Structures are given as structure tokens and as C-alpha cells.
Amino acid sequence: MSNASYEIQEIISGQSFSCLPGQSVLRAMEAQGMHCLPVGCRGGGCGLCKVQVLSGDYRRGRMSCKHISSETVVQGLALACQVFPLSDLTIVSLRQLYEDKPDNKNH
Amino acid sequence: MNKGVMRPGHVQLRVLDMGKALEHYVELLGLIEMDRDDQGRVYLKAWTEVDKFSVVLREADEPGMDFMGFKVVDEASLQQLERDLQAYGCAIEQVPAGELNSCGRRVRFQAPSGHHFELYVDKEYTGKWGVDEVNPEAWPRDLKGMAAVRFDHCLLYGDELQATYELFTEVLGFYLAEQVIDADGTRLAQFLSLSTKAHDVAFIQHAEKGKFHHASFFLETWEDVLRAADLISMTDTSIDIGPTRHGLTHGKTIYFFDPSGNRNEVFSGGDYNYPDHKPVTWLAKDLGKAIFYHDRVLNERFLTVLT
């Protein structure tokens, strides 16, 4: 089973990529040269890679409560850098790629 | 004008997982664990620092900076600064001696940018780590990882830059070393110093108050920065950008993230100032070059990823 990988599908972009057991969804995306999720700190802190997991099982790493409150966990909200799949996943990106930048005025 | 505020003394950072944080700050950055307290906070220092600690880590549900502290030369200056802060309209909070282990009383206040700062006089003087006080060797031989030389500065994001500038220059005695201004002459970035260094603390305009961009640690040489980059790869640490050079300060630098998403910098070199120097100015239209001197293009992540 060590070579097994899971299929991650991101809805908005329509892209899919494979993720190894123990690998985060964000790292897997980066490793395959895809850009359907914005990459920030990769540590569960900045909130840039926020997603909703629509289906599938996964393990959650630690995430800033500023971006993912305990109430939203049941809705499948998570930071992709802290999502470790245990099955195939369907996810949707909740942050567009810097669409409202660069001056930050509308935050 | 000098008001008796001497230098950056400490920064307290929130981390999501203390074990992972220590793996990062001790094993990779090369800070030394000096103490722990009954709140679970861990006290660290870089080896050339003479006081007991400069980085305090606190486990919390949200990363970011709790506060940054500056050391003041003596008690009389601290009392004058308290009066000056209050006269300026800045509310102060007294933090009693011992709230941080081995540290005297602290005077805490919130800058208009939303960040919390502290002034203090006393902290236990433990001397440079790993070398004798008399006839010290060049460096201790058992340093880890990047072997950070000292905690150098923080870069903070928030609004009310002008009011923050006035507080830091008029009340606290910082001077403007470097700045970025837009076409209207509005300052978008201000690098403030107490010393000949290009910055002891810096602020960049951002709509949300109180955000943390990075804590920076000094290395001696460009070769050390390159070696830091090697270690970042060896440990699969999340990188932001570099190694490269800044236009602002001209420091040679690399940025990376701790396991909770707080950004760190290690850098070498950089501009110096004396009191007769005018501030160095960069134009906002050339911000790409001002921040990343070689690419001359902004990495959006550098502007938007904050804790």
C-alpha cells in the first residue's frame, strides 16, 4: 500500500492531481506543477490555501483559528497545507489567486 | 533624538505546535533554548546576544506576534518615556517584573499600526553563549543549523503609518532610515532605526492592523545566507523567496516560514547610517526592485502572506 496515492479534484479549475499518503494536498499540488490553490506559508497560518472539502476522508493538521474556526470544521473548511488525504478528495478553492491585489485596499 | 531606547530586545511569537516550532527555531535557525516558564513559553536566544533571551515562543491557536520589546538604557529614561507616551495620548500597561522570566518590569503600549510594543530596562545578563567573557574565541563550536548571530528586527504590516512614524520618532527617538513613497508622496513603508543599522523595526502600509510579516536574524556573510538556503532545502522547510538582495537596505537575504506560518528572514550585510545621513528613498512604482533587487518583480506572496 506504500505506493498508493489518492486523487484530488479541485472543482473551480477542474484540475486533478495525485497525493501520496502523508503528503498535504497543497504540497502534492505544488509537486505536480499545478496552481489551482494559492500557496502561502504552508504552515496553517496565513489562510491563503483555504478550501472546502466536499467529499472524502482526511486527517487535519493544526490550522490558525483565525482562518478555520471550530464551527466551520464540520462544513469541511480547511487549509490545504494541513489536509492529509485518507481517500480520494473533492475540494473547492475558497481563495482566488490574488484577484483583488496588489494594494490590499479591499481587505 | 535619543530618548534612551537602545535596541530591539525580544519578540514573543505565537506558534501552533511547540515541538515543531523548537525543531525549527533551535535545530534549523540555531537559536539556543535558555528557559521555559509555567505558562509553557520557551525562551530562546542567538549566541552573540548578551541578555538571557530574545525570542519567546508561546503555543496558541493562531500564529503571529504578541509583542516586540525594546531595551531602554536606564530606569530614569523608562520613567520619562512612560510620561511621554501618556502625554502623547498612548495608553500604557504595566507588566510586572518576572512576568517574563529573568526580565524586569515592562511598559506595554499599542502603536497606531495595531502592534503591541514594550519597553524595559532589566534582563538577566548571561553574556554571549558558548564563549568565555575574557579572551573569547571567534564562535562556539557546537552551534546548530544556520547558527543565527542575533535577533535583528521585525517587519510589521498595519495601517496608520504616519501616526506610527510620529510615535516612534518623536516619542521613542527612532529615526527614519529608509522609506518607500508613492506618487503623492505618501509613505508606504518606513524603516526605523535606533542605531547605525538600516532598521530596528519596519512598517509597511496594510489595511488590517497588527499583522506580522517577519522576524529577522543576522548572519555574517552571503555564504552563510547560501548555507541557510541549503539547510532550508535539506529540512524541506517552506521557503518564501531567495537567496537574493533587497533594494531597500541592500541586505542579502532569504525568507522562509516556521511550521506555524510565521515568516523568518536571515540576512547579511546592509546599509549603515550616521546622524548626518538623509533617509534613503525608493519609489512605489519601483517597488519590485526595492524589495527584490534582482528579479525586480514582486512576489505577491511577500505582500499578502501574513500572520
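Which of the residues in segment B:234-273 lose at least 30 Å² of accessible area when you go from the chain alone to all protein chains together (probe 1.4 Å)? The answer is B:Asp236, B:Ser238. When both segment B:266-294 and segment B:1-75 are represented by their alpha-carbon centers, they are found 26 Å apart.
Pull out a ≥ b ≥ c, the square roots of the eigenvalues of the alpha-carbon gyration tensor of segment B:1-134, then state rounded if a/c is under 1.5, prolate if not and a/b is larger than b/c, and oblate in the remaining case. Oblate.
The magnitude of the dipole of segment B:37-77, with charges of +1 and -1 set on the Cβ of Lys/Arg and Asp/Glu and taken from the Cα centre, is near 200 debye. Shown here are the Rg and Dmax of the Cα trace of segment B:84-153, at 17.3, 49 Å. Rounded to the nearest angstrom and listed largest first, the equivalent-ellipsoid semi-axes of the protein assembly as shown from its Cα gyration tensor are 36, 24, 21. Using the basic label-point model (7 angstrom from Cα toward the beta carbon), what is the B:Thr221 to B:Glu133 distance in nanometres? Modelled inter-label distance: 3.1 nm. Under a model in which nothing but the beta-carbon of Lys, Arg (+1) and Asp, Glu (-1) is charged, segment B:40-188 shows a dipole of about 460 debye around its Cα centre.
Projected over all directions and averaged, the alpha-carbon convex hull of segment B:1-78 occupies 6.2 nm². Of the solvent-accessible surface of chain B, computed with a 1.4 Å probe over protein heavy atoms with every protein chain present, carbon and sulfur atoms account for 48 percent. Starting from the Cα of B:Asp286, move 7 Å in the Cα-to-Cβ direction to define the label point; list residues of segment B:243-257 whose amide nitrogen is under 19 Å from there. Correct set: B:245-252. Applying a threshold of 22 Å to the alpha-carbon distances of B:Lys3/B:Lys211; B:Lys20/B:Lys197; B:Lys128/B:Lys197; B:Lys197/B:Lys278 flags B:Lys3/B:Lys211; B:Lys20/B:Lys197 as lying beyond it. Of the trypsin sites (Lys or Arg not before Pro) found in segment B:249-307, those that fall in a DSSP loop while having at most 13 other beta-carbon atoms within 10 Å are B:Arg296. For the protein assembly as shown, the per residue solvent-accessible surface stands at 43 Å², with DNA, RNA and ligands left out and a 1.4 Å probe. Separation of segment A:66-84 and segment B:118-194, taken as the distance between their Cα centroids, equals 35 angstrom. Under the convention that each Lys and Arg Cβ holds +1 and each Asp and Glu Cβ holds -1, the size of the dipole of the protein assembly as shown around its Cα centre is about 420 debye.
Which FRET efficiency value, to the nearest 0.05, is calculated for A:Ser69 and B:Gln110 with the Förster distance at 22 angstrom and r the Cβ-Cβ distance? Once rounded, the FRET efficiency stands at 0.35.
Return the residues of segment A:26-50 for which accessible area with all protein chains present is lower than in the chain on its own by 50 Å² or more; set the probe to 1.4 Å and exclude ligands, DNA and RNA. Hits at the 50 Å² cut-off: A:Arg27, A:Cys41, A:Arg42. Counting only protein heavy atoms and a probe of 1.4 Å, the accessible surface of chain A is 49% carbon and sulfur.
Sorted largest first by accessible area at a 1.4 angstrom probe radius, with every protein chain in place, the residues B:Leu231, B:Leu226 fall in the order B:Leu226, B:Leu231.
Radius of gyration (Cα atoms) of chain B, expressed as a multiple of 2.2 N^0.38 Å: 0.95.
When a/c is below 1.5 the answer is rounded, else prolate if a/b is larger than b/c, else oblate, so apply that to segment B:50-99 with a ≥ b ≥ c taken from the square roots of the Cα gyration tensor eigenvalues. Since a/c reaches 1.5 but b/c is at least a/b, the shape of segment B:50-99 is classed as oblate. Phi angles across segment B:172-179 convert, under the Karplus curve 6.51 cos²θ - 1.76 cosθ + 1.60 with θ = phi - 60°, into 3J(HN,Hα) values of 9, x, 6, 10, 7, 8, 9, 8 Hz, Gly and Pro given as x. Summed over both chains, the area buried between B and A is near 1800 Å², taken from the accessible surface of protein heavy atoms with a 1.4 Å probe.
The values are calculated or read from the model by the stated rules, or taken from the named source; none is laboratory data. Source: prediction; values computed, not measured. Ideal geometry is used to build each Cβ from the backbone, glycine not excepted, and the neighbour counts take in all protein chains shown. All accessible areas refer to the heavy atoms of the entire protein, side chains included, with ligands and DNA or RNA removed. Shrake-Rupley method; radii C 1.70, N 1.55, O 1.52, S 1.80 Å.
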